[in-house]
């Protein structure tokens, strides 16, 4: 069973998608209150790529976790502290941070923030070869 435009696992059936990030951020505001002070929406999902919009309230944290693929984090609104490998990186709109696959990290919102996470998802063979698994497939 599919919903229009998506396979059962949430993968987009079309190869082209366009999003109004300003509107997506506004829409996330309607979902408040956010459990644990943050809200995430997967905008695009294919076998080799994920794009996720994350909104966070001031002081909210995403506890240490990892992604199975390399990621980029692009701040759209506010400011966040991205911590990994013993270092903290304060990021604000216009900043982009890149991180290799399977590296543990955590995020804290220094103010109400929104950022776009792009994940280069590994193929099934590489995913199975990982010593640990991240979230979902």
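The values are calculated or read from the model by the stated rules, or taken from the named source; none is laboratory data. Quick caveat: nothing in here was measured; it's all calculated off a predicted structure. Glycine also receives a Cβ, built like all others from the backbone with ideal geometry; neighbour counts cover every protein chain displayed.
Computed quantities for the displayed model
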quantity: Every pair of residues 6+ apart whose Cβ atoms lie under 9 Å, when the first sits in segment 31-45 and is on the phi > 0 side of the Ramachandran plot while the second is modelled with pLDDT under 95; calculated: none
quantity: Selection count where residues are without any contact (Cβ under 8 Å) to a residue 40 or more places away in the chain and surrounded by 17 or more Cβ atoms within 10 Å (Cβ to Cβ), scope segment 69-82; calculated: 4
quantity: Single match in 31, 46, 26, 63 (criterion: over 13 Å from residue 120 (Cα atoms) and modelled with pLDDT under 95); calculated: 31
quantity: Checking residue 37 against (1) surrounded by fewer than 17 Cβ atoms within 10 Å (Cβ to Cβ); (2) over 14 Å from the mean Cα position of the chain (by Cα), the condition it does not meet; calculated: (1)
quantity: Matching residues, segment 46-68, being over 20 Å from residue 19 (Cα atoms), touching a residue at least 60 places away in the same chain (Cβ under 8 Å) and surrounded by 18 or more Cβ atoms within 10 Å (Cβ to Cβ); calculated: 66, 67, 68
quantity: Lone qualifier among 100, 86 - being at pLDDT 95 or above and over 29 Å from residue 32 (Cα atoms); calculated: 86
quantity: In segment 1-23, residue modelled with the lowest pLDDT [restricted to those that are surrounded by 11 or more Cβ atoms within 10 Å (Cβ to Cβ) and closer than 23 Å to residue 75 by Cα]; calculated: 17
quantity: Neighbours by Cβ (under 7 Å, 6+ apart or cross-chain): first from segment 116-135, at pLDDT below 80; second part of a helix (DSSP H, G or I); calculated: none
